[in-house]
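What follows is a set of notes on a single structure, which appears directly below.
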Amino acid sequence: MTRVLGIDVGTSSARAQIFEADAEEREPARREYAGENDPVRVAKLVREAIDEAVGGDDYDAVGASCFGHSLLAVDDDGRPLTPILGWRDTRSSSSAAWLARRVDAAGVHARTGCHVHTSYWPAKLAWLAQEEPDVFRGARRFVSFCDYLYAEILGRPVPASLSMASATGMLELHARAWDSELLAVLGVELERLPDISDEPVDGWYPALLDGACSNLGAGCVTRERAALMVGTSGAFRTVYESAQPQAREGLFIHWLDDTRVVEGGSLSDGGSLLHWLDDTLRAADGSLADRDPDSHGLTFLALLGGERSPGWHQHAKGAVEGLTFETTALDLRQAALEGVAFVFAEVADRMPEVSEIVATGGALLKNGDWLQLMADGLGRPLATSAVKEASLRGAAIVALERLGESPPAGKLGDVVEPRLDRADAYRAAHERQRRLYEVVTGSATS
């Protein structure tokens, strides 16, 4: 019987479980570390989750999913010289703007599938060189957190997967190699970056981008079926086969493996926004889905964590228009969650081939009101995923497939239909958000 260890290292927690050939979910071992950026501590907690999940059992291989775009500088012995510089760290916004003036930003997007933006390695490397020059010069290598984690577990440096390398924003898509122009502009020698390989090391398959794994776990593996995920952050993604991937305006596109890509848009305001609302608006009780979309008179630009898709503005901030003395905490909560739905709608409009949307992620699936508002804001039905831990299951599926197994697709749950009697109100609200976006960022979304 084939058995694999699945690992999912997320932004705020790690999960691990041994899966059999049917990729059936059980309750995983879990460790929480919300907001943690200490690589040593996160690695320790991941290993605790692994040890609990394994419990002395045997397994044939390891498949892992990990948060993407993270950067670590390490010394000659692989010890970290920096904290985890993740996608939420926007300190490199000015460095990203500096870099965009020195390269053809549109050309970088076309070559790498990634924008010149704080989320990705080029801006972070530029920031590190400018703000921490001794660390930048003294670093032996620059790696993703998952590369550091694997090196700690296996006792030696390991290659980066094609998936994680592509998600750095430093990989030339068609050559499948580190981008020479970016290396030259940033002053980074090729030998300071990881080798790239999807071959296993001691049975451990290199970790893949968690977003791509989420699609695999939920069964969203065609251009027509998108996963709409809200965890700590948010994303609208498809996974499909492509020989010559092409970057589209406002979207990212990364390799998943030798034949498949993951394409879509990402939001920094997801479950993080929900937590902010809970902390800030403690008195906001009531059912949001039952409220009239015109009742609050607010336009909420959900960019509290900065903007990624679709505009990728380096310095964008959140904004609220329409506040009065009559505005309530419930009004603000409703407008905020509707605002996230409108950003998803902007991304979906750029992917007209999508005919089916599957909602995933704990922050969304556990919030029935938000599911309804999301369907209303998109004006599209949302099928809910019955998979509890899509990234974890997806990581296991990759390992099982490489061992010759064919796990079943992820099961679906209920479908949430948009309410047609509210369509006009939501279209008008969406247009108000577009106008506010233009004022705040100085540009249009579509």
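For helix 423-441, report the angle its Cα long axis makes with the longest principal axis of the Cα atoms of the chain; keep it between 0 and 90° and round to the nearest 10°. With both axes taken from Cα atoms, the answer is about 60 degrees. Peptide packing for 434-440, 385-391 was compared via the average number of neighbouring C-beta atoms within 10 Å per residue; ordered from the highest value, the list is 385-391, 434-440. Computed 3J(HN,Hα) for segment 214-225, one whole-Hz value per residue from the Karplus formula 6.51 cos²θ - 1.76 cosθ + 1.60 where θ = phi - 60°, is 4, 4, 4, x, 8, x, 9, 10, 9, 5, 8, 10, glycine and proline marked x. Beta-bridge orientation, the chain: approximately 70 percent antiparallel, per DSSP, counting only bridges with both partners inside. Among the cysteines of the chain, Cys114, Cys213, Cys220 have no other cysteine beta carbon within less than 4.7 Å of their own. Summed over qualifying helices (DSSP H, 4 residues or more, each -39500 (n - 2.57)) and divided by its residue number, the chain shows a 222 nm mean residue ellipticity of -11000 deg cm²/dmol.
With contacts taken as Cα pairs under 8 Å and at least 6 residues apart, segment 272-422 reaches a relative contact order of 21 percent.
For a modelled paramagnetic label at Leu154, 7 Å from Cα along Cα-to-Cβ, the residues of segment 386-414 in reach, with backbone nitrogen under 19 Å, are 395-404. The gain in end-to-end length when the Lys317 to Asp369 segment is fully stretched comes to 16.2 nm, 0.36 nm per residue minus the alpha carbon separation.
Mean sequence separation of contacting Cα pairs (under 8 Å, at least six apart), scaled by the length of the chain, corresponds to a relative contact order of 17 percent. Relative to the longest principal axis of the C-alpha atoms of the chain, give the angle of the C-alpha long axis of helix 329-349, reported between 0 and 90° and rounded to the nearest 10°. So the inclination is approximately 60 degrees. Note on segment 284-369: Cα-only Rg and Dmax are 14.4, 44 Å.
Placing unit charges on the Cβ atoms of the charged side chains and taking the dipole of segment 67-124 about its Cα centre, the candidate lying farthest along the positive direction among Gly107, Leu71, Ser92 is Gly107. Sparse packing (at most 13 other Cβ atoms within 10 Å of the Cβ) combined with a DSSP loop state is found for the following GluC sites (Glu not before Pro) in segment 144-208: Glu189. Under the criterion of Cα pairs below 8 Å and six or more residues apart, the relative contact order for segment 119-253 equals 20 percent. If the segment from Asp294 to Glu401 were pulled out straight at 0.36 nm per residue, it would be longer than the present Cα-Cα gap by 33.6 nm. Between helix 145-154 and the chain there is an angle of about 40 degrees, using the helix long axis and the longest principal axis of the Cα atoms.
To the nearest 20 debye, what is the magnitude of the charge dipole of segment 112-264 about its Cα centre, counting +1 on the Cβ of each Lys and Arg and -1 on the Cβ of each Asp and Glu?
In total the dipole reaches around 280 debye.
The charge dipole of the chain, taken about its Cα centre with unit charges on the Cβ atoms of Lys, Arg (+1), Asp and Glu (-1) only, comes to about 820 debye. Full extension of the chain segment joining Leu281 with Glu36 gains 85.8 nm, where the gain is 0.36 nm per residue of separation less the Cα-Cα distance. Three principal axis extents describe the C-alpha atoms of the chain; from largest down they are 60, 53, 42 Å. Over 21 Å apart at the Cα level, from the set Lys366/Lys388; Lys44/Lys411; Lys366/Lys411, are Lys44/Lys411.
Read-outs throughout are calculated quantities, based only on the coordinates presented, and are distinct from any laboratory measurement. What you see is a predicted model; the values in this text were computed from it and never measured. Virtual Cβ from ideal backbone geometry, glycine too; neighbours counted across all protein chains shown.
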